[in-house]
Amino acid sequence: MTTAAAPSRGGIWKQSRTFDPAVRLLFLNQLTINLGFYMLMPYLAAHLADGLGMAAWAVGLVLGARNLSQQGMFLVGGALADRLGFKPLIVAGCALRTAGFGALAFAQSLPALIAASLATGLAGALFNPAVRAYLAAEAGERRVAAFALFNTYYQAGILLGPLVGVALTGVSFRLTCVVAAVLFAGLTVVQLRHLPVRHKTAATPADGDGGARGQFRTVLANRTFWLFSLAMTGSYVLSFQVYLALPLAAGGTAATTALFVVSALVALAGQLRITAWCGARLTRERCLVLGLALMGVAFLLPAALGRALAGLLLCAAVLAVANAVLYPYEMDTVVALSRGRWVATHYGLYNTVCGIGITLGNLGMGVLLDATGWSAAPWLVLCAVGLGCAAAMAALARGGRLTTATAAATDGEAGVDAGADRDAEAEAVTDPAPDPAATTVAGPDPAVRRTAEEESPDATA
């Protein structure tokens, strides 16, 4: 049995240093993004309602505008990243979020707040698919280990953000917005100066003319990718219950905070160990099935224990473990199913599908809670969703679709690399004296690019 690739041994910092400076910069990128986002967004609703005296419908409209612009534009952001390159979209997204958070600090009218919220959401749609596609391309065969570390930094930002935010908001919400904007402004400059240019995804003859029509046709016609995305959507619905059903059942700020802290600490302490354990013993397909099944089983705890805080905290902890099992292999599978073509566009579509699933799932959960109250029924339904998604993923694995995709992705990536080599040879013939600086920064050979980065003491920021 071939097992999934596992990360090397060692702590977070030690393992991070085994990657190239570009990958380490992406880790810092995600930590800062989540730090800035979560220091502000949890307190935005209270600022709108209490600070500005807005009606509940207006608060919902402002918050919904951000979610709509982000979820609705993920596919466009991913497609642009494949077209223009990953770095431009990452920089543009960080710059746009700087503007959005800065506007939230001073906006008071509803139109201005909606515009700022739309900008904040669009920023996420621009940089999220690009960051993941860049990380997958730069990490190569170590994608699973890279995404395990990436999720650790991601969770660290979620844990630290609200703690910083509550201290700043205690002074003023405007100060929180300004500090968040400054963080994103600094991140924009760092990415602009030190993130190497990564070549955009190459088209293949199967994509026709390689234009937008061929690009979207390739992605939308990927039937296995659609089936995988639909099966994984359930995991996002279930993990989102840390923000919906579990806090409602727990009641009170202290209990809700405890849920978030437990979830983040389990992820921080366990992600690398869990990924190493899974990689040494299980195939990637079995990791996906196990993670989905664990998510379903987690909701048996509140089903049996009711609204007791101990059961809810255990549920949050098991969900965090399940997410740690899933995330690295989930992200790796998206790359595999893309077959090395239009990777960022696939990430964008994946985020859109899962975002729609979260919206519909939350609506259904709300209706169910209104109809049944805090009986065992809602938790058992969530358990059934997890087990059903695990069964669907197992069926995909048994059909050989995911394994075939892995081999195809490897061939596709090799083909793209070969194409890049051919292009480089052609350029060398037509231009026998290239600019050494240009070759160092954006040349097709990763080894050359790494050499340039190692010579810069600020490359890791």
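Tabulated data for the structure shown
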{"item": "Exposure rank, largest accessible area first [W277, W379, W226, W57; 1.4 Å]", "result": "W57, W277, W226, W379"}
{"item": "Portion, in percent, of the accessible area of the range 1-152 that falls on carbon or sulfur, probe 1.4 Å", "result": "66 percent"}
{"item": "Alpha-carbon centroids, the range 371-404 and the range 137-187: separation in whole Å", "result": "31 Å"}
{"item": "FRET E, pair L265, R213, Förster distance 51 Å, beta-carbon r, rounded to 0.05", "result": "0.60"}
{"item": "Heavy atoms of I114: accessible area, 1.4 Å probe, square angstrom to 10", "result": "40 Å²"}
{"item": "Rh (Kirkwood; distinct C-alpha pairs) - the range 235-288, Å", "result": "12.9 Å"}
{"item": "Two-site FRET efficiency, Q108 against R281, from Cβ-Cβ distance with R₀ of 60 Å, rounded to 0.05", "result": "0.60"}
{"item": "For the range 175-185, Karplus couplings with θ = phi - 60° (6.51, -1.76, 1.60), whole Hz, Gly/Pro x", "result": "4, 4, 4, 5, 5, 4, 5, 5, 4, 5, 5"}
{"item": "Heavy-atom accessible surface of the range 293-337: percent carbon and sulfur, 1.4 Å", "result": "79 percent"}
{"item": "Karplus (6.51, -1.76, 1.60) ³J(HN,Hα), θ = phi - 60°, over the range 315-324, in Hz, Gly and Pro reported as x", "result": "4, 4, 5, 5, 4, 5, 4, 4, 5, 5"}
{"item": "Residue-normalised accessible area of the range 241-400, expressed per residue, 1.4 Å probe, Å²", "result": "36 Å²"}
{"item": "Accessible surface of the range 212-278, 1.4 Å probe, proportion on carbon and sulfur as whole %", "result": "71 percent"}
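The values are calculated or read from the model by the stated rules, or taken from the named source; none is laboratory data. Everything numeric in this text was worked out from a predicted model, so none of it was measured. Methodologically, a virtual Cβ is constructed for each residue, glycine included, from the backbone with ideal geometry; neighbour enumeration extends over all protein chains shown. What goes into the accessible areas is simple: the full protein's heavy atoms, side chains included, and nothing from ligands, DNA or RNA. Shrake-Rupley method; radii C 1.70, N 1.55, O 1.52, S 1.80 Å.
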